[in-house]
1. State the number of residues belonging to the range 187-217 that are in contact (Cβ under 8 Å) with a residue 24 or more places away in the chain, in contact with a helix residue (DSSP H, G or I) (Cβ under 7 Å, 6 or more places away or on another chain), in a loop (DSSP other than H, G, I, E, B) and more than 12 Å from residue 241 (Cβ to Cβ).
2. For residue 76, which of the numbered conditions (1) modelled with pLDDT of 95 or more; (2) surrounded by 23 or more Cβ atoms within 10 Å (Cβ to Cβ) fails to hold?
3. Quick check: is even one residue across the range 139-157 in a helix (DSSP H, G or I), at pLDDT below 95 and either within 21 Å of the chain's Cα centre (by Cα) or surrounded by 15 or more Cβ atoms within 10 Å (Cβ to Cβ) (or both)?
4. Out of curiosity, is residue 129 under 25 Å from residue 343 (Cα atoms) and not assigned by TED's automatic domain parsing to the domain that holds residue 64?
5. Can you tell me how many residues within the range 251-270 are touching a residue at least 12 places away in the same chain (Cβ under 8 Å) and within 21 Å of residue 208 (Cβ to Cβ)?
6. Look at residue 16 and say whether it is at pLDDT 95 or above, loosely packed, with under 15 Cβ neighbours inside 10 Å and over 25 Å from residue 123 (Cα atoms).
7. Here is a check on your reading of the model: is residue 266 surrounded by 21 or more Cβ atoms within 10 Å (Cβ to Cβ), touching a helix residue (DSSP H, G or I) at 6+ places or on another chain (Cβ under 7 Å) and either closer than 17 Å to residue 182 by Cβ or modelled with pLDDT under 95 (or both)?
8. Mind telling me which of the residues 41, 56, 63, 37 ends up being farther than 20 Å from residue 322 by Cβ and at pLDDT 95 or above?
């Protein structure tokens, strides 16, 4: 019978072992990503554990916690994302996966850690649920189609017919959408800054109280998460009022002629949020983008805005958000309600 030990990794000394396991099992793993996600986060360094087969002294699995500063009912709370969970295929039936996650879960409460959350894949989700995590809600995808060719080389079904009438269909999408009748209010303008400056701090302070649960979005956090990301080339689309203040922003990246939105934040004002969405969609149309995709879990503030501008819920779920929190914690009730969250791709670990 195979035996394993679960050991706390040293982020410097054990970097090669962690990277080797991740590269064998996950996609898009690089040393640059490791440095960025494990050691450079403004929320604090990651914590990582290795599963070691005792007979061969070989690292066959790993899992990590990535700290995040979360605001719950307006107060900062220390949480962490459970991510980079990987076990070599030959060892998946022998128990190291379960032991790894039990070890990760056991650090709840250490150094003020209030809760752990994650978005495991379907197979891993059963392990998390088995050791006491709760399922909050599906992490859903919303899509707005801008063109018949909604993705590079892919057409709306039936593809053969759609391809023939694509120009007519494109005109229909453009003419019957809400942004088609939009007129920019006086005093508003659009900026596409390269960096997140102090204006984003002012916006964050202004809107933080709109949400029951939201990850920190000040300029320091945004510059690390999006400005320094080694994974995607993120771009910023900001709506600016007459006083030079940012009323809202959308962060996105483009791939295969699809716009993937990673974060959205705005003042809860009809002129601001309608202008932000209308201007952004019109900009995507000018670029010739085929569709806009956004994953979101949370309350009506953003969901209502997505419906208003023609986004529809895709039937396939992108997994579930899971949570581990002490049952006696006063945060437990708030954290378990999906309507309290404001959770987008920027709140994940990659």
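1. Of the residues in that region, 4 qualify.
2. Here residue 76 meets the rest and fails (2).
3. Kept after step one, since they are in a helix (DSSP H, G or I), are these residues of the range 139-157: none.
Checked against the condition, which is being in a helix (DSSP H, G or I), at pLDDT below 95 and either within 21 Å of the chain's Cα centre (by Cα) or surrounded by 15 or more Cβ atoms within 10 Å (Cβ to Cβ) (or both), the range 139-157 yields no hits at all.
4. On the way: under 25 Å from residue 343 (Cα atoms): yes; not assigned by TED's automatic domain parsing to the domain that holds residue 64: no.
No.
5. Qualifying residue count, the range 251-270: 10.
6. Working: at pLDDT 95 or above: yes; loosely packed, with under 15 Cβ neighbours inside 10 Å: yes; over 25 Å from residue 123 (Cα atoms): yes.
Considered against the rule, which asks whether it is at pLDDT 95 or above, loosely packed, with under 15 Cβ neighbours inside 10 Å and over 25 Å from residue 123 (Cα atoms), residue 16 comes out as yes.
7. Values: surrounded by 21 or more Cβ atoms within 10 Å (Cβ to Cβ): yes; touching a helix residue (DSSP H, G or I) at 6+ places or on another chain (Cβ under 7 Å): yes; either closer than 17 Å to residue 182 by Cβ or modelled with pLDDT under 95 (or both): yes.
Considered against the rule, which asks whether it is surrounded by 21 or more Cβ atoms within 10 Å (Cβ to Cβ), touching a helix residue (DSSP H, G or I) at 6+ places or on another chain (Cβ under 7 Å) and either closer than 17 Å to residue 182 by Cβ or modelled with pLDDT under 95 (or both), residue 266 comes out as yes.
8. Details: 56 fails: at pLDDT 95 or above; 63 fails: farther than 20 Å from residue 322 by Cβ; 37 fails: farther than 20 Å from residue 322 by Cβ.
Answer to the check: 41.
The values are calculated or read from the model by the stated rules, or taken from the named source; none is laboratory data. All values derive from a computational prediction rather than experimental measurement. Neighbour counts run over all protein chains shown; Cβ positions are idealised from the backbone, glycine included.
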